[in-house]
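The values are calculated or read from the model by the stated rules, or taken from the named source; none is laboratory data. The structure presented is a predicted model; accordingly, all values stated were derived computationally and were not measured. Ideal geometry is used to build each Cβ from the backbone, glycine not excepted, and the neighbour counts take in all protein chains shown. Just so you know, the surface numbers come from the protein's heavy atoms only, side chains and all, with ligands and any DNA or RNA stripped out. Shrake-Rupley method; radii C 1.70, N 1.55, O 1.52, S 1.80 Å.
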2 protein chains.
Amino acid sequence: MIQRPPAEIGQKLEQVDTPALVLDMDGFEKNQKTLFDLVKGRVRVRPHAKTHKCPEVAQRQIALGAVGMCCQKVSEAEAMVDGGVHDVLVSNEVVGAPKLARLAELSRRAKLGVCVDNAQNVAQIKAAGANVDVYIEIDVGMRRCGVAPGAPAVALAKEILKHGLRFAGLQAYHGRAQHIRSMEERHAVIETAAQHVQHTKRLLAEAGIACPIVTGAGSGTFMLEVEAGAWNEIQCGSYAFMDVDYAKNEWAAPLPRFGHALFVLSTVMSRPSPEVAIVDAGLKASSVDSGMPGVWQQDLRYTHASDEHGWIEGKNPPALGEKLLLVPGHCDPTINLYDWYVCIRGGVVVDLWPITARGALY
Amino acid sequence: MIQRPPAEIGQKLEQVDTPALVLDMDGFEKNQKTLFDLVKGRVRVRPHAKTHKCPEVAQRQIALGAVGMCCQKVSEAEAMVDGGVHDVLVSNEVVGAPKLARLAELSRRAKLGVCVDNAQNVAQIKAAGANVDVYIEIDVGMRRCGVAPGAPAVALAKEILKHGLRFAGLQAYHGRAQHIRSMEERHAVIETAAQHVQHTKRLLAEAGIACPIVTGAGSGTFMLEVEAGAWNEIQCGSYAFMDVDYAKNEWAAPLPRFGHALFVLSTVMSRPSPEVAIVDAGLKASSVDSGMPGVWQQDLRYTHASDEHGWIEGKNPPALGEKLLLVPGHCDPTINLYDWYVCIRGGVVVDLWPITARGALY
């Protein structure tokens, strides 16, 4: 069930078995520095481990100043705590007795936070004996989880306090906004979200309820949240890697342009015709939920994926046995397909990082 | 990296943690019996392990008469051999020195076959010292891998024999045909494929080259191949599970209608509005490459997936904490997201099967 690494430290990139998830260390470190430099002293950074699933990445983010990690699942949080992360926010609702029991158990090993959007769930968290910071998720336009901003959030905060739990603040994350292509529209959507946050904070203050943290934001919008002034913690994850989908966004100030640092290395396994090469990386090697992978620095297109094959089309595609770097369409579900990052610097494998939260669904 | 099972044997379905990959044993066994009864004495069955990734499933197929397994990757074949399968056809081209070295190594532990579509690759297989049955893949209309039928296939067979390798026959698989909705069109496509096979066999016979096996076919067409008379081995995989995509096909004689036996169990984690429930199974729990999952036996629709969330819409969706069975849109990449099948009979967990070839990409 654990697959062995497709490479050994010291090998050249060309020697890595395929398909392999390749992390370009220079690009990765540059993306990290770009984000942390930009927001330093303005907001806390709590990067999302749902993207990287890897304590090695988490430790490097913490070394740069991250306060801890976000996770979407209790099992993901367990993998991070097992990997030495001491502060995790489960940026999601945790529902059901087995999950809450595990959350409670984990809360005795690390500083833990969790989101709620329902009074019944608050009572369950209390009953489970979880020692957690409780954040209220408000729906700022994504229409997924979350209570409505304003009065409903205040009512839920009172429930949290009534149960003797710690109300830690608000989560206001607009996931849909991350992929709105135009900067102007993205800006407008985050401005509206900021108004919802400010309104809710005002009502909480009027009710005498302190709201220490407002957490949210993703790689596609975070500087808009920072400049709006309503958030004091950001949750970006994809910025470290970038993918084809994010690259389709319009990128302009105040947002920096991150570079592609994550790749799927593939091999040409068939050359059925002059303008087609078939590679050994299909949709089990690069998730196609947000579109096909891109071909890195070559005038070729990955036009179609089946389970284990990809169609590369264009003039003079590479020969049988040649290797090709692909840029994943969507980094999060692609990383979740692999057991290892193959870390590359200067064309040489310098490290192999286990993706310990791969498949952490529960 | 290995996730612990989301259930214990003896638990009720309602107690299983979510998301979980659930196999309904009665439905699974019925699908198995349907296929093996139908083709008994007519063709050999070599089911595809790319779908199930699990030696426990393989062993049950072999017990029903399967001659062995198909795999798409050498690492998948290794997992099957490690799990007690003694006869594996890698129904794919294997290119590159590390993969061929592993193929050669594995060929000393099990009866192994491999496909080729390129003379250069034939020479590499010989050089690697692999003791394998060599099949020529011909392109019968899928336009993926494969040489053209007819003379190019005969030329490649001569290459195989020239290198002192065993020419075992042809692989003629039409993957695209599996999902053509109309029976009439699917039938026409397989008829054309059969003509390509017959023509190639005739030319091989004229060249004095024996062609013992023609292997191919999938769950959406296999009886068309059986009735066409040009194949003597079928490679179906999805028939054991079924998914939403296959269910959209028109199913009529000679093809049987398989039933859904594979599910993703999910929990309602938020109820943001009267006609929307958010479940904890998103696109990391059920691959959306072929469309959204279905909702099992309820008048509800799974309308949208994000990484860890699914939107369930309709009148009276289930309450917070209630569980919902989903039917995966596409079974192969969905199974590849999990470490365990939770096997259910009569609403009770009767077994937990490890998915040992999960993530076997190399």
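Here are a few things to note about the model shown:
- Options A:A247, A:A253: the member that is open to solvent by 10 Å² or more (accessible area, probe 1.4 Å) and under 17 Å from the mean Cα position of the chain (by Cα): A:A247
- Yes/no for B:V264 being of a type in the set (A, V, I, L, M, F, W, C), in contact with a strand residue (DSSP E or B) (Cβ under 6 Å, 6 or more places away or on another chain) and in a loop (DSSP other than H, G, I, E, B): no
- The listed residues are B:V45, B:V67, and the only one of them that is hydrophobic (A, V, I, L, M, F, W, C) and crowded, with 21+ Cβ neighbours inside 10 Å turns out to be B:V45.
- The conditions of being open to solvent by 10 Å² or more (accessible area, probe 1.4 Å), among the basic types (K, R) and closer than 14 Å to A:S219 by Cβ are met by A:K50.
- Within the stretch B:133-166, the set of residues being part of a strand (DSSP E or B) and crowded, with 22+ Cβ neighbours inside 10 Å comprises B:V134, B:Y135, B:I136, B:E137, B:I138, B:V147.
- Residues that are touching a Leu at 6+ places or on another chain (Cβ under 7 Å) and touching a residue at least 40 places away in the same chain (Cβ under 8 Å), drawn from the stretch A:187-208: A:V197, A:T200
- Selection status of B:C343, farther than 30 Å from B:P98 by Cβ, touching a strand residue (DSSP E or B) at 6+ places or on another chain (Cβ under 9 Å) and touching a residue at least 40 places away in the same chain (Cβ under 8 Å): yes
- Every listed requirement among (1) of a type in the set (V, I, T); (2) assigned to a helix (DSSP H, G or I); (3) out of contact with any strand residue (DSSP E or B) (no Cβ under 6 Å at 6 or more places or on another chain); (4) open to solvent by less than 20 Å² (accessible area, probe 1.4 Å) is met by A:I209 save one, (2).
- Selection within the stretch B:70-91 - under 15 Å from the mean Cα position of the chain (by Cα), β-branched (V, I, T) and open to solvent by 10 Å² or more (accessible area, probe 1.4 Å): none
- Number of residues in the stretch B:267-301 that are closer than 20 Å to A:G291 by Cβ, facing chain A (nearest Cβ under 8 Å) and surrounded by fewer than 21 Cβ atoms within 10 Å (Cβ to Cβ) equals 1.
- Considering residues of the stretch B:64-115 that are within 14 Å of chain A (Cβ to nearest Cβ), among the small types (G, A, S) and in contact (Cβ under 8 Å) with a residue 40 or more places away in the chain only, the residue nearest to B:Q171 (Cα to Cα): B:S91
- Residue match in the stretch A:310-322 (condition: farther than 25 Å from B:S306 by Cα, in contact (Cβ under 8 Å) with a residue 60 or more places away in the chain and in contact with a helix residue (DSSP H, G or I) (Cβ under 8 Å, 6 or more places away or on another chain)): no
- Residue tally, condition open to solvent by 10 Å² or more (accessible area, probe 1.4 Å), acidic (D, E) and at the interface with chain B (Cβ under 10 Å from one of its Cβ atoms), over the stretch A:322-362: 1
- Considering the stretch A:101-117, the residues that are in a loop (DSSP other than H, G, I, E, B) and touching a strand residue (DSSP E or B) at 6+ places or on another chain (Cβ under 7 Å) include one that is farthest from A:A77 (Cα to Cα), namely A:D117.
- The stretch B:46-65: number of residues that are closer than 22 Å to B:C343 by Cβ and under 14 Å from the mean Cα position of the chain (by Cα): 12
- Taking the stretch A:17-42 as the range and being assigned to a loop (DSSP other than H, G, I, E, B), surrounded by fewer than 24 Cβ atoms within 10 Å (Cβ to Cβ) and either touching a residue at least 12 places away in the same chain (Cβ under 8 Å) or polar (S, T, N, Q) (or both) as the test, the residues that pass are A:K40, A:R42.
- Only one of the numbered conditions (1) more than 11 Å from chain B (Cβ to nearest Cβ); (2) open to solvent by 20 Å² or more (accessible area, probe 1.4 Å); (3) touching a strand residue (DSSP E or B) at 6+ places or on another chain (Cβ under 9 Å) is not met by A:N316, and that is (3).
- When restricted to residues that are polar (S, T, N, Q) and either open to solvent by less than 20 Å² (accessible area, probe 1.4 Å) or under 28 Å from A:A123 (Cβ atoms) (or both), the stretch B:302-313 contains 1.
A quick yes/no check of all residues on (1) within 25 Å of the chain's Cα centre (by Cα); (2) under 22 Å from A:E308 (Cα atoms):
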site	(1), (2)
B:A97	no, yes
B:N118	yes, yes
B:A123	no, no
B:K158	no, no
B:K162	no, no
